[in-house]
Amino acid sequence: AGVPRGVFNLVFGNPAAIADRLTDAPQIKAISFTGSTPVGKLLGARAAQTLKRMTLELGGHAPVLVFDDCDVDAVATAAVTAKFRNSGQVCTSPTRFYVQQSVYERFVSRFAGLARDWRVGDPFDGATQMGPVATARRLDAVEHLSADARKRGIEIAAGGVRLDRPGFYFSPTVLAGAGDDCLAANEEPFGPLALIAPMRDLDEALAKANRLPQALAAYAFTRNTKVVAALREELNAGTIAINHWQASWPETPFGGRGASGFGVEGGVEGLQAFQQIKFVSSSDS
């Protein structure tokens, strides 16, 4: 790409040992980390010992608020693609769907129907719509969340099982009517699992969306400008996408709040984290 040697480096090996070496090194002045909240806390504490700047883009559990004045079928159809992109292994992946009661059953039927027919297979096959999860550990985690939901009597409207084939394949999974007490409603699935629950109105939608400490991305679908104005002010997330699924662009700031980290990546704002301001004044006298 023409970048001078030494500007961009990749280091492979034991992650903990590498992280300790880099965070302790006096030559390094700033660190940007994308990963889980527990690891981000450990790195932040370590970097504080040498007063390094930190940009932390950590876990998410993105809510999606679907109001009854939107095109429900179109939103549900697009939601399946957004949810199962990269097998749900995206920090901004839409996961907690709160759908207004009057259109809830319609949304679940459309979403779950498409999820059941979603083509899972070899990612190098052009007909494949979703590939495997990254590791055996991730496969076990999604299976554990599904088993917990099944034990609690939650309707598994689609999937909920690992697929009987070589590799780390899990079926696109939909938990319908899931309450706030199940594990999947409180732990980031980071896999092909979606929760759908009904909500009455804007107040309940905001309460459900803001319930968790993770506040990275959020989505909402409505034509009501008053609702949009309220979401802009009251929805707790670093990034809010209204009536679309694109959480960020290269030229825009991207970051979270609370357990989802601090600081931003992208845009001019993302560069500022790596700049040190120097003020110089002089006088002729």
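Whether any residue in the stretch 43-58 is at pLDDT below 95, surrounded by fewer than 18 Cβ atoms within 10 Å (Cβ to Cβ) and hydroxyl-bearing (Ser, Thr, Tyr) is what I want to check.
yes
For the stretch 146-165, give me each residue that is among the hydrophobic types (A, V, I, L, M, F, W, C) and within 22 Å of residue 119 (Cα to Cα).
Residues satisfying the conditions are 156, 157, 158, 161, 163.
Answer yes or no: is there a residue in the stretch 70-79 that is surrounded by 14 or more Cβ atoms within 10 Å (Cβ to Cβ), in contact with a strand residue (DSSP E or B) (Cβ under 6 Å, 6 or more places away or on another chain) and outside any loop (DSSP other than H, G, I, E, B).
yes
Scan (1) closer than 23 Å to residue 59 by Cα; (2) surrounded by 19 or more Cβ atoms within 10 Å (Cβ to Cβ) for the single condition residue 222 breaks and write down its number.
(1)
Can you say whether residue 85 is part of a helix (DSSP H, G or I), at pLDDT 95 or above and over 21 Å from the mean Cα position of the chain (by Cα), as far as the supplied structure shows?
It is false that residue 85 is part of a helix (DSSP H, G or I), at pLDDT 95 or above and over 21 Å from the mean Cα position of the chain (by Cα).
Given the conditions (1) open to solvent by 10 Å² or more (accessible area, probe 1.4 Å); (2) small (Gly, Ala, Ser); (3) in contact (Cβ under 8 Å) with a residue 60 or more places away in the chain, which single one is not true for residue 209?
Tallying (1) open to solvent by 10 Å² or more (accessible area, probe 1.4 Å); (2) small (Gly, Ala, Ser); (3) in contact (Cβ under 8 Å) with a residue 60 or more places away in the chain, residue 209 fails exactly one: (1).
May I ask you to list the residues in the stretch 168-190 that are crowded, with 21+ Cβ neighbours inside 10 Å, of a type outside the set (S, T, N, Q) and within 12 Å of residue 146 (Cα to Cα)?
As a first pass, look at the stretch 168-190 and keep what is crowded, with 21+ Cβ neighbours inside 10 Å: 170-176, 178, 184-185, 188-190.
With the extra rule that they be of a type outside the set (S, T, N, Q), the set shrinks to 170, 172, 174-176, 178, 184-185, 188-190.
Answer for the stretch 168-190, where residues must be crowded, with 21+ Cβ neighbours inside 10 Å, of a type outside the set (S, T, N, Q) and within 12 Å of residue 146 (Cα to Cα): 170, 172, 174, 175, 176, 178, 184, 185, 189.
Give the residue that is nearest to the chain's Cα centre (by Cα), with candidates limited to residues of the stretch 88-117 that are buried (at least 22 other Cβ atoms within 10 Å of the Cβ) and over 26 Å from residue 203 (Cβ atoms).
First pass over the stretch 88-117, keeping only residues buried (at least 22 other Cβ atoms within 10 Å of the Cβ): 88, 91-100, 107-108, 111-112, 115.
Still in the running and over 26 Å from residue 203 (Cβ atoms): 88, 91, 112, 115.
Details: 88: 9, 91: 3, 112: 20, 115: 19 Å.
Among those that are buried (at least 22 other Cβ atoms within 10 Å of the Cβ) and over 26 Å from residue 203 (Cβ atoms), it is 91.
Okay, residues lined up against (1) of a type in the set (A, V, I, L, M, F, W, C); (2) touching a residue at least 40 places away in the same chain (Cβ under 8 Å); (3) at negative phi:
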{"site": "94", "(1), (2), (3)": "no, yes, yes"}
{"site": "101", "(1), (2), (3)": "no, yes, yes"}
{"site": "108", "(1), (2), (3)": "yes, yes, yes"}
{"site": "114", "(1), (2), (3)": "yes, no, yes"}
{"site": "118", "(1), (2), (3)": "yes, yes, yes"}
{"site": "122", "(1), (2), (3)": "no, no, yes"}
{"site": "125", "(1), (2), (3)": "no, no, yes"}
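Suppose the filter is more than 24 Å from residue 70 (Cβ to Cβ), surrounded by fewer than 20 Cβ atoms within 10 Å (Cβ to Cβ) and modelled with pLDDT under 95; does residue 268 pass it? So that I can check it myself, show each step before the final result.
Values: more than 24 Å from residue 70 (Cβ to Cβ): yes; surrounded by fewer than 20 Cβ atoms within 10 Å (Cβ to Cβ): yes; modelled with pLDDT under 95: yes.
Yes, satisfied.
Looking at (1) in contact (Cβ under 8 Å) with a residue 24 or more places away in the chain; (2) open to solvent by 60 Å² or more (accessible area, probe 1.4 Å); (3) over 22 Å from the mean Cα position of the chain (by Cα), which is the one condition that is false for residue 154?
Here residue 154 clears every test but (2).
Are there any pairs with C-beta distances below 8 angstrom linking a residue in the stretch 249-272 that is over 22 Å from residue 41 (Cα atoms) to a residue that is open to solvent by 80 Å² or more (accessible area, probe 1.4 Å), with the two at least 6 apart or on different chains, and if so which?
Short answer, once both residue conditions are applied: 267/250; 267/251.
Restricting to the stretch 118-176, and then to whatever is in a strand (DSSP E or B) and among the small types (Gly, Ala, Ser), can you tell me which residue is nearest to residue 61 (Cα to Cα)?
176
Answer with yes or no whether residue 173 is in contact with a strand residue (DSSP E or B) (Cβ under 6 Å, 6 or more places away or on another chain) and either β-branched (Val, Ile, Thr) or more than 28 Å from residue 102 (Cβ to Cβ) (or both).
yes
Of all residues in the stretch 1-31 being open to solvent by 60 Å² or more (accessible area, probe 1.4 Å) and either among the basic types (Lys, Arg) or in contact with a strand residue (DSSP E or B) (Cβ under 6 Å, 6 or more places away or on another chain) (or both), which is nearest to residue 89 (Cα to Cα)?
So the residue we want is 21.
The values are calculated or read from the model by the stated rules, or taken from the named source; none is laboratory data. What you see is a predicted model, and the numbers here were worked out from it, not measured in a lab. Heads up, the Cβs are rebuilt from the backbone with ideal geometry, glycines too, and the neighbour counts pull from every protein chain shown. Please note that ligands, DNA and RNA were not included when accessible areas were found on the heavy atoms of the full protein model with its side chains. Shrake-Rupley method; radii C 1.70, N 1.55, O 1.52, S 1.80 Å.
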